[in-house]
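Let me begin by presenting the structure, written as structure tokens, before commenting on it.
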Amino acid sequence: MAVTSVSRRLRVLGVPVDAVDMQGTLNWVEERVASRESGTHLCVNAANVVRAHDDPEYLAVLERGDLIGSDGQPFVWAARALGQPLPERVAGIDLMEQVLDRSRETGWRVYLLGGRDEVVRRLAGQLSARGVRIVGHRDGYFRPDDASRVWDEVRSTDPDVVFVGMPTPTKERFIIEGAHQARVPVCIGVGGSFDVLAGDLRRAPAYMQRLGLEWLFRLLQEPRRLFTRYAVTNTRFLALVLRAMVRRTRTARG
């Protein structure tokens, strides 16, 4: 992990996360683009915590992220309750929008990788029309053994920033295993943000985000696909938090 001046790495519920706010994250992006030093940005939330407890290999991948943001209000609350407060939630989609805004000002070269072909193609067109310099895009449907070839395609466009809109854990593994070799200055995992920014899905209202209910808004949009996942994940995350709080209380009592 590269040392950064804008963050302090913590372990919350056994998962690595950096104590960095949005401005600090944007400063990190600026530094990487300016220096051309390859950097990877990953995010963790309740679902990532549960997966990391089930999958040691996935946890090892997270450990290799250069900067790890706290994408999920319940995760931020859990960190505070466990005595490891984080400055604020830094959602992947919010970071993507901020970096895109900065890209319009600076002329940074942006590559979009992930999602369905029609979605990423439409998003690339929308962003280009808004003044973002899109140097390439492709969908996220390729075989794992084609990853090196995909990274070669990305590298050939000489991007400053690459956004990877793929599901977990494919996204994290793809980024960690290839971004540094491709010498991409900034590679940011943004999950399903492409669908939202392209207009295929709506994002939760701000008040639901503040209440930690963004997952519920997504569930209401895609109940069949997400019900089991959220029911199981949220329950297990709560159990992990409660267990950690009990251990912390016992330790404090000596």
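The values are calculated or read from the model by the stated rules, or taken from the named source; none is laboratory data. As the structure is a prediction and not an experimental result, all values here were calculated from the model. Virtual Cβ from ideal backbone geometry, glycine too; neighbours counted across all protein chains shown. Just so you know, the surface numbers come from the protein's heavy atoms only, side chains and all, with ligands and any DNA or RNA stripped out. Shrake-Rupley method; radii C 1.70, N 1.55, O 1.52, S 1.80 Å.
Apply the a/c threshold of 1.5 to the C-alpha gyration tensor of the stretch 157-206 and tell me whether it is rounded, prolate or oblate. Taking the square roots of the gyration eigenvalues as a ≥ b ≥ c, the stretch 157-206 is prolate. The relative contact order of the stretch 16-198, computed from alpha carbon pairs under 8 Å that lie at least 6 residues apart in sequence, is 28 percent.
Straightening the chain between Leu213 and Gln23 buys 66.0 nm, computed as 0.36 nm per residue apart minus the Cα-Cα spacing. Here the simple spin-label model places points 7 Å from the Cα toward Cβ, and for Asp146 and Arg9 these points are separated by 3.3 nm.
Can you name the helices of the chain, as whole DSSP H runs, whose Cα span along the helix axis is 30 Å or more and whose Kyte-Doolittle mean is not below -1.0? Passing helices, by number: 223-253. When a 1.4 Å probe is rolled over the protein heavy atoms, the share of accessible surface on the chain that falls to carbon and sulfur comes to 52 percent.
In the full protein context, the chain carries 48 Å² of accessible surface per residue, based on a 1.4 Å probe and ignoring ligands, DNA and RNA. The value given for the stretch 16-198 is a Kirkwood hydrodynamic radius of 16.4 Å, derived from the mean inverse Cα-Cα separation.
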